[in-house]
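Chemist: The following block contains the structure, expressed as structure tokens.
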Amino acid sequence: MKKNTLQLLLLVIVILLSYNAYSQSVFEVPRDVILTTKPDYAKYNSAIIGAANWIEQTDLDKEKEKRVKVNDFVMKWISGSPTVSVPINEGVMKLIGKNSQLLMVYMSSFAKTVLEHPDVNNLVAQEKAGITSIANVYKKGIEIRKNKSSKG
């Protein structure tokens, strides 16, 4: 009896984890986006978080047309946001190297961290989130050109 209960519990956990992974990878770019006032930007905070998840989780060789639209949405939002500013330093640019597509991975993850932790103004944590997302995408090795300084 305990074996069946354990198997059922394990099955439920697997289903929940699978659903969570699936739900995080689904993202639709909002339509008719208007970004002129501070409240306009705030309306899209959850969409920016969803976009950041999608950008990091979706392989660079998948849904390329959608990636352009998602990147455009995120860039437009970040460029005018009155509450989120994403500094890009020389170290980040060196890390990105020949992989310009990783810039949006960094920027979206940085913005996501700012939005998820609005009471914490910690540049190091925000940069770390962006760099961690770059590393996650880089490790997949999909449509990534290795930098000269890269090992492996």
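Chemist: Which condition number does Ile96 fail, the rest of (1) more than 21 Å from Asn45 (Cβ to Cβ); (2) in contact (Cβ under 8 Å) with a residue 40 or more places away in the chain being met?
Modeler: Going through the list (1) more than 21 Å from Asn45 (Cβ to Cβ); (2) in contact (Cβ under 8 Å) with a residue 40 or more places away in the chain, Ile96 breaks only (2).
Chemist: Against the condition modelled with pLDDT of 95 or more, within 27 Å of Pro39 (Cβ to Cβ) and of a type in the set (Gly, Ala, Ser), how does Ala129 come out, does it pass? I'd like the intermediate steps shown before the answer.
Modeler: Values: modelled with pLDDT of 95 or more: yes; within 27 Å of Pro39 (Cβ to Cβ): yes; of a type in the set (Gly, Ala, Ser): yes.
Considered against the rule, which asks whether it is modelled with pLDDT of 95 or more, within 27 Å of Pro39 (Cβ to Cβ) and of a type in the set (Gly, Ala, Ser), Ala129 comes out as yes.
Chemist: Same structure, new question: Identify all residues within segment 52-84 that are among the hydrophobic types (A, V, I, L, M, F, W, C) and either closer than 14 Å to Leu102 by Cα or in a loop (DSSP other than H, G, I, E, B) (or both); write none if there are none.
Modeler: Narrowing segment 52-84 to residues among the hydrophobic types (A, V, I, L, M, F, W, C): 52, 54-55, 60, 68, 70, 73-75, 77-78, 84.
Within segment 52-84, Ala52, Trp54, Ile55, Leu60, Val68, Val70, Val74, Met75, Val84 qualify.
Chemist: Looking at segment 100-111, I want the residues that are without any contact (Cβ under 8 Å) to a residue 60 or more places away in the chain and of a type in the set (Ser, Thr, Tyr) and have a partner that is assigned to a helix (DSSP H, G or I) and buried (at least 24 other Cβ atoms within 10 Å of the Cβ) with Cβ atoms under 9 Å, at least 6 apart or on another chain. Which pairs are those?
Modeler: Between residues of segment 100-111 that are without any contact (Cβ under 8 Å) to a residue 60 or more places away in the chain and of a type in the set (Ser, Thr, Tyr) and residues that are assigned to a helix (DSSP H, G or I) and buried (at least 24 other Cβ atoms within 10 Å of the Cβ), the close pairs are Tyr106/Gly130; Tyr106/Ser133; Ser109/Ala52; Ser109/Ile55; Ser109/Gly130; Ser109/Ser133.
The values are calculated or read from the model by the stated rules, or taken from the named source; none is laboratory data. None of the values given here were measured: they were computed from a predicted structure. Heads up, the Cβs are rebuilt from the backbone with ideal geometry, glycines too, and the neighbour counts pull from every protein chain shown.
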